[in-house]
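Have a look at the structure below before the remarks.
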Amino acid sequence: MRICLVATTALAAGALTALSAVPAQAAEYDSALKIRGIQYDAPGSDSNRCSGGNTAEEYLTIKNYSRSTTVNLKGYVVKDAAGNKFTFTATHTLQPGDYVKLRGGNGADSDTKNVVYRDNCNFMWNNDKDTIYVYKPSGSRADVHSYTKSGSDPDRNGYITFHG
């Protein structure tokens, strides 16, 4: 009985050592590209006019969490629960640790300023709740997040950070 207990304890300790060797994020991240945060309720009164509207103040921050891999966003797709979608059609690279803000409205995309515009003046994210999906060019899911104004955003400022 004592030999079995010692062997079981040693086996459990070995399993814990093996688990602690795996980074905490490893189970969660099967893709380097993840949603970091979202400004889903643009400050001010919602106005989706291309001239003078505030759609550009609504944005999604996507980050490359890889330590060594550069990610080209071309072909990645961002969707919401209602099926609104945006496809990155141009080459836009994210170095390890880099991020991009996908903004509504019109503007000049810039790697150096970390911004891509949807070239659409309609709001994409609901102000009360939504689910956001990011798909790789292969069609497999890179990330998904849901939010509610009252549940995920207790201070109700319209901005939620998902990953640090």
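The values are calculated or read from the model by the stated rules, or taken from the named source; none is laboratory data. The structure displayed is predicted, hence computed values, not measured ones. Note: ideal-geometry Cβ built from the backbone for every residue, glycine included; neighbour counts use all protein chains shown. Only protein heavy atoms, including side chains, enter the accessible area calculation; ligands, DNA and RNA are left aside. Shrake-Rupley method; radii C 1.70, N 1.55, O 1.52, S 1.80 Å.
Values for this structure:
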quantity: Pair list, Cβ < 6 Å and 6+ apart or interchain, from the stretch 142-164 residues that are at pLDDT below 90 to residues that are loosely packed, with under 13 Cβ neighbours inside 10 Å; calculated: 149/128; 149/156
quantity: In the stretch 94-108, residue nearest to residue 58 (Cα to Cα) [restricted to those that are open to solvent by 50 Å² or more (accessible area, probe 1.4 Å) and in a strand (DSSP E or B)]; calculated: 101
quantity: Members of the stretch 109-152 that are assigned to a strand (DSSP E or B), surrounded by 15 or more Cβ atoms within 10 Å (Cβ to Cβ) and not hydroxyl-bearing (Ser, Thr, Tyr); calculated: 115, 116, 120, 129, 130, 132, 134, 142, 143, 145
quantity: Residue list for the stretch 16-45, restricted to those being assigned to a loop (DSSP other than H, G, I, E, B), hydrophobic (A, V, I, L, M, F, W, C) and either modelled with pLDDT of 50 or more or open to solvent by 90 Å² or more (accessible area, probe 1.4 Å) (or both); calculated: 24, 27, 32, 42
